[in-house]
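Okay, structure first, notes after.
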Amino acid sequence: MKRRHFVWLLLVLAALCSAVAQPPTQLRFCLRSEPKTFNPLLVEEDSSDTVRYLTGGVLVRLNRDNQKLEPGLATAWKVSKDGRSITFLLRRGVKFSDGTPFSAEDVAYTVQEMMDPNLHSSVGDTFRSGEGKTETRIVSPTKIAITFPAPVAGLDRLFDQVAIMSSNSPKKEMAVLGPYYVAENKAGSYLMLQRNPNYWKHDASGRPLPFIDSVRLDIQQNRDLELLRLERGEIDLVNSIDAEYYEKLVADKPALAYDAGPSLDSEHMWFNQVPAAPIGDYKKAWFQSTNFRRAVSESINRADLARIVFRGHAQPAVGIVSPANQFWFNSKLQPHPFDQKSALQRLQQGGFRMQDGVLHDGAGHVVEFSIITNAGNKYRERMATMIQQDLAGVGIKVNVVTLDFPSLIERITRTFNYEACLLGLVNTELDPASVMNVWLSSAENHQWNPSEKTPATAWEAEIDHLMRAQASTLDDHKRKQYFDRVQEIAWEQEPFIYLVTKNALSAVSTSVANAHPVVLRPQVFWNIDELKLAPEVADKR
Amino acid sequence: MKVARIGAITLLLLVALASVIAGCLAPSGYARQFRDIPDAPPSRQHWLGTDDLGRDRFARVLYGTRVSLLLAPAAALLASFLAALIGGIAGLAGGRLQTIVMAGTDLFLSLPWLFLLITVRAVMPLNVSPLTSVVITFAMLGSLGWAAAARVICADARSLHNSDFLLLARASGISGWRLVSRHLVPNLMPVIYAQFWLSVPVFILTEANLGILGLGVSEPLPSWGSLLRELESYSSISSNPWQFVPLLLLLAVVSCFHLIVVDRELPA
């Protein structure tokens, strides 16, 4: 009997030893550039945003899969009826990565820092809806009320971007509440994140999260190399890849490629409608004509753009909102059809006439314009070239001009010396409040005619009214009604001719378990807490 | 070397001829998009396959050759003329004028060409046809690319100015235009000629660089630069080796130009 007990004991010890000796797991992927800041309030570019997502603890977290808000450091929250205040009930017993306890004081400190105009925080800018001071009232160590000077549309969702900082940790912004903390930063080479031992989250069985012990972020600009490293197993994921690389991956290693469907990003073109623009008056008249814009839109074969330029990994665009935005998308709208007969009819209604295959306006001017786009972006250059051929089908001559980015920005924002422009929109926010700076006629990013003193057209005035109405209402369903109408007007008037909505493409190694890429950023590691690595990968590293 | 030179000239003539009769060799044209067959492999209809928009690559190579091969020598001619004028005057005048002109030339040489071209391209009018834009691009190359050649020509003109035969000519009462046209220019011609041939591949490569940056010839007109952009992506060229054809053609043509120049410079 004694001998049998001894054998059992040995077996148990061996099992324990093997468990203890399990090598640490490390997830590896690349950043396209070095993070410019570790201060979560000053984040403005992708790399810093990635670090913020992996290290920052937030009061509420937007679930990237179902697009609903979930509790984070706050277990409950309530927005006041006037939309100016929000009260958070905070999680108890939470500590920062350096062991400093977390309380309402830290939330108050973070909000005050964020709203400090001297800091110029872009995160803070999203909360700024009126003049005045933001007030924080600490009700108890686990309860805080924040009051903004004016109503903020979608107030609770905005806190998904606010990583809470410690008010009294000597490590300042390096003390974090997220799943990882920055352990090593080798400038220009890599960034090492270690698992936060004080992270508050646990899985259903009570095991502390995250499962992966560390994350190594290599700085790698070259996309070809990034893909090669993924195929060789040196990195585990590529968060966002373009259509050409995706197709290559599908050919080489299809199990690694993920197409999550339409993303929030779109490509669009617009005509210059600025009254003071240094272009011919007759051209301004074309560009200001709804018939002309609609005719151009109907002459463009969006399905071909999606199929050829994006290798089928894009969809003909509908309008302002991508179908990926589940709540705010107006599902009654469809992409404009490719119908050159209808386009010609519209042009005839607008006084244009075809003569020897060339379109002329009522005054006899040949219809010809240039489309500018940024040099080096081959997808946009290809789209412009295809549009050139499509519009030749209705007798319109298009000159494609590629410009370096600073020159292009100079033309579309300062000199207005251009006729049409093709660019893209990268959307990260779901809420219509995030597009106020585009759709209000007084906005600087109202690109077809920026900073109008008064709305130039009746439909722009209506959009202004609707956008303000949705921003000052708290009832999401009422807001959606207003915003649905904005989408309809934009669809009818087409100040922006939306071309395609790109799909969210990514690549994940088969050794990463629980990966479920989605359309919202960060597509692959949005559920970093739950990702696991196969043991053989950990052994190899 | 003579055989190599004859071979180089023959190849250049063949390439130039093919580009001139591109319309007969590739009737589908360079701009037509066969949208049902983008990125197609070589076939009887499309000898080098189609590009990413379904355009016939063979036609684009031929028309691109026409653009690059005909306009690069034109730009080289302009640059050589400017170089001969500026360098020749400075060399013959000597003294303070030579110092000032050569200082200006050095300043011109120190300018970052590529950025200068990008800037000039950015301020150009937008509504120009692709053909006009390509002519403007090469005209810019020609008018900016004279400085290096001017230095060489200036040095040669200076040594000619101090030569015995010119002293003798002046002593014989020859001066002014007659001295320049009968004695100076004929003796400067070999160096101007060499500078011309050296400039041609330089301009071809510069246009190719601009094309790679997306700032060269406007779509849909092809040039070697725009055709070389297909090689930007490692992922696509590994499966489509025929995309290397414009690169091979560029290498062949540039090598031919160099062979011609080297052979001329070698002593008989």
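The values are calculated or read from the model by the stated rules, or taken from the named source; none is laboratory data. Remember, predicted model here, so these are calculated numbers, not experimental data. Because the Cβ atoms are built from the backbone with ideal geometry, glycine has one as well, and the counts that use them run over all protein chains shown.
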Seminar exercise, completed: Just one listed residue, out of B:Asp36, B:Asp52, B:Asp56, is closer than 20 Å to A:Thr385 by Cβ, of a type in the set (Asp, Glu) and in contact (Cβ under 8 Å) with a residue 60 or more places away in the chain, and it is B:Asp52
Exercise. All but one of (1) within 14 Å of chain B (Cβ to nearest Cβ); (2) part of a loop (DSSP other than H, G, I, E, B); (3) not basic (Lys, Arg) hold for A:Glu226; which doesn't?
Worked result: (2)
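Counting only residues that are in a helix (DSSP H, G or I) and hydrophobic (A, V, I, L, M, F, W, C), which one in segment A:76-123 is surrounded by the fewest Cβ atoms within 10 Å (Cβ to Cβ)?
Looking at the filtered set, the residue picked out is A:Leu119.
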For this session: Quickly run through segment B:6-39 and pick out the residues that are over 27 Å from the mean Cα position of the chain (by Cα) and within 12 Å of another protein chain (Cβ to nearest Cβ).
Result: B:Arg32, B:Gln33, B:Phe34, B:Arg35, B:Asp36, B:Ile37, B:Pro38, B:Asp39
Exercise. Within the bounds of segment B:192-206, is there any residue that is loosely packed, with under 15 Cβ neighbours inside 10 Å and more than 14 Å from chain A (Cβ to nearest Cβ)?
Worked result: yes
Exercise. From the residues in segment B:126-148 that are more than 23 Å from A:Ser407 (Cα to Cα) and crowded, with 19+ Cβ neighbours inside 10 Å, which one is nearest to the chain's Cα centre (by Cα)?
Worked result: B:Gly142
Problem set entry | Test for A:Leu422: is it at pLDDT 95 or above, within 14 Å of chain B (Cβ to nearest Cβ) and within 24 Å of the chain's Cα centre (by Cα) | yes
Exercise. Within segment B:60-74, can one find any residue that is part of a helix (DSSP H, G or I), over 30 Å from B:Leu25 (Cα atoms) and among the aliphatic types (A, V, I, L, M)?
Worked result: no
Exercise. B:Ala83 versus (1) buried (at least 16 other Cβ atoms within 10 Å of the Cβ); (2) free of Cβ contacts under 8 Å to residues at least 60 places away in the same chain: which is the lone unmet condition?
Worked result: (2)
Exercise. Quick one: which of A:Ser169, A:Ser189, A:Ser205 is under 17 Å from A:Pro101 (Cβ atoms) and either among the polar types (S, T, N, Q) or in contact (Cβ under 8 Å) with a residue 24 or more places away in the chain (or both)?
Worked result: A:Ser169
For this session: Hey, could you check segment A:357-398 for residues that are at pLDDT 95 or above and of a type in the set (Asp, Glu) and say which is farthest from B:Asp51 (Cα to Cα)?
Result: A:Asp361
Exercise. Taking segment A:245-282 on its own, how many of its residues are in a helix (DSSP H, G or I) and either of a type in the set (Phe, Trp, Tyr) or closer than 22 Å to A:Tyr498 by Cβ (or both)?
Worked result: 3
Seminar exercise, completed: Reported set for segment B:231-248 where residues are modelled with pLDDT under 80 and either more than 14 Å from chain A (Cβ to nearest Cβ) or farther than 15 Å from B:Arg60 by Cβ (or both) is B:Glu232, B:Ser233, B:Tyr234, B:Ser235, B:Ser236, B:Ile237, B:Ser238, B:Ser239
Problem set entry | Residue list for segment A:100-145, restricted to those being among the small types (Gly, Ala, Ser) and modelled with pLDDT of 95 or more | A:Ser103, A:Ala104, A:Ala108, A:Ser140, A:Ala145
Exercise. If you check B:Leu251, B:Leu221, which single one turns out to be within 11 Å of another protein chain (Cβ to nearest Cβ), closer than 21 Å to B:Ala16 by Cα and at pLDDT 85 or above?
Worked result: B:Leu221
Problem set entry | Matching residues in segment A:149-166 - criterion: being modelled with pLDDT under 95 and either over 19 Å from A:Leu89 (Cβ atoms) or surrounded by 22 or more Cβ atoms within 10 Å (Cβ to Cβ) (or both) | A:Pro149, A:Ala150, A:Pro151, A:Val152, A:Ala153, A:Gly154, A:Leu155, A:Gln161
Seminar exercise, completed: Within segment A:402-419, the residues that are within 14 Å of chain B (Cβ to nearest Cβ) and part of a helix (DSSP H, G or I) are A:Phe405, A:Pro406, A:Ser407, A:Leu408, A:Ile409, A:Glu410, A:Arg411, A:Ile412, A:Arg414, A:Thr415
Seminar exercise, completed: Taking segment A:361-383 and keeping residues under 22 Å from B:Leu131 (Cβ atoms), under 29 Å from the mean Cα position of the chain (by Cα) and facing chain B (nearest Cβ under 7 Å) leaves A:Ile372, A:Ala375, A:Glu381, A:Arg382
For this session: Name the helices (runs of 4 or more DSSP H) wholly inside segment A:430-541 in which the number of residues that are more than 21 Å from the chain's Cα centre (by Cα) is 3 or more.
Result: A:458-471, A:476-493, A:535-540
Problem set entry | Test: B:Thr132 is within 14 Å of chain A (Cβ to nearest Cβ) and under 18 Å from B:Pro201 (Cβ atoms) | no
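Taking the conditions exactly as written (more than 27 Å from B:Met189 (Cα to Cα), not in a helix (DSSP H, G or I) and not charged (D, E, K, R)), does B:Val128 satisfy them or not? If you could, list the steps in order and put the result at the bottom.
Numbers: more than 27 Å from B:Met189 (Cα to Cα): yes; not in a helix (DSSP H, G or I): yes; not charged (D, E, K, R): yes.
Against the criterion (more than 27 Å from B:Met189 (Cα to Cα), not in a helix (DSSP H, G or I) and not charged (D, E, K, R)), B:Val128 qualifies.
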Problem set entry | Matching residues, segment A:85-109, being of a type in the set (S, T, N, Q) and over 19 Å from A:Tyr180 (Cα atoms) | A:Ser85, A:Thr87, A:Ser103
For this session: Being buried (at least 22 other Cβ atoms within 10 Å of the Cβ) and more than 19 Å from A:Leu27 (Cβ to Cβ) is the filter; apply it to segment A:231-247 and report the residue that is modelled with the highest pLDDT.
Result: A:Tyr246
Exercise. Among B:Leu114, B:Leu77, which is within 14 Å of chain A (Cβ to nearest Cβ), surrounded by fewer than 18 Cβ atoms within 10 Å (Cβ to Cβ) and in contact (Cβ under 8 Å) with a residue 40 or more places away in the chain?
Worked result: B:Leu114
Exercise. Within segment A:527-535, is there a residue that is surrounded by 22 or more Cβ atoms within 10 Å (Cβ to Cβ) and modelled with pLDDT of 95 or more?
Worked result: yes
Exercise. Any idea which of B:Arg151, B:Arg170, B:Arg178, B:Arg121 is surrounded by 15 or more Cβ atoms within 10 Å (Cβ to Cβ), more than 14 Å from every other protein chain (Cβ to nearest Cβ) and of a type outside the set (A, V, I, L, M, F, W, C)?
Worked result: B:Arg151
Exercise. Between a first residue in segment A:463-487 that is over 22 Å from A:Pro335 (Cβ atoms) and a second residue that is crowded, with 20+ Cβ neighbours inside 10 Å and basic (Lys, Arg), which pairs have beta carbons less than 6 Å apart while being 6 or more apart in sequence or on different chains?
Worked result: A:Gln470/A:Arg479; A:Thr473/A:Arg479
Seminar exercise, completed: Considering segment A:323-344, residues that are buried (at least 18 other Cβ atoms within 10 Å of the Cβ) and small (Gly, Ala, Ser), and then whichever is modelled with the highest pLDDT, we arrive at A:Ala343
For this session: Quick one: count up the residues across segment A:245-275 that are under 24 Å from A:Ser441 (Cβ atoms), out of contact with any strand residue (DSSP E or B) (no Cβ under 6 Å at 6 or more places or on another chain) and within 14 Å of chain B (Cβ to nearest Cβ).
Result: 1
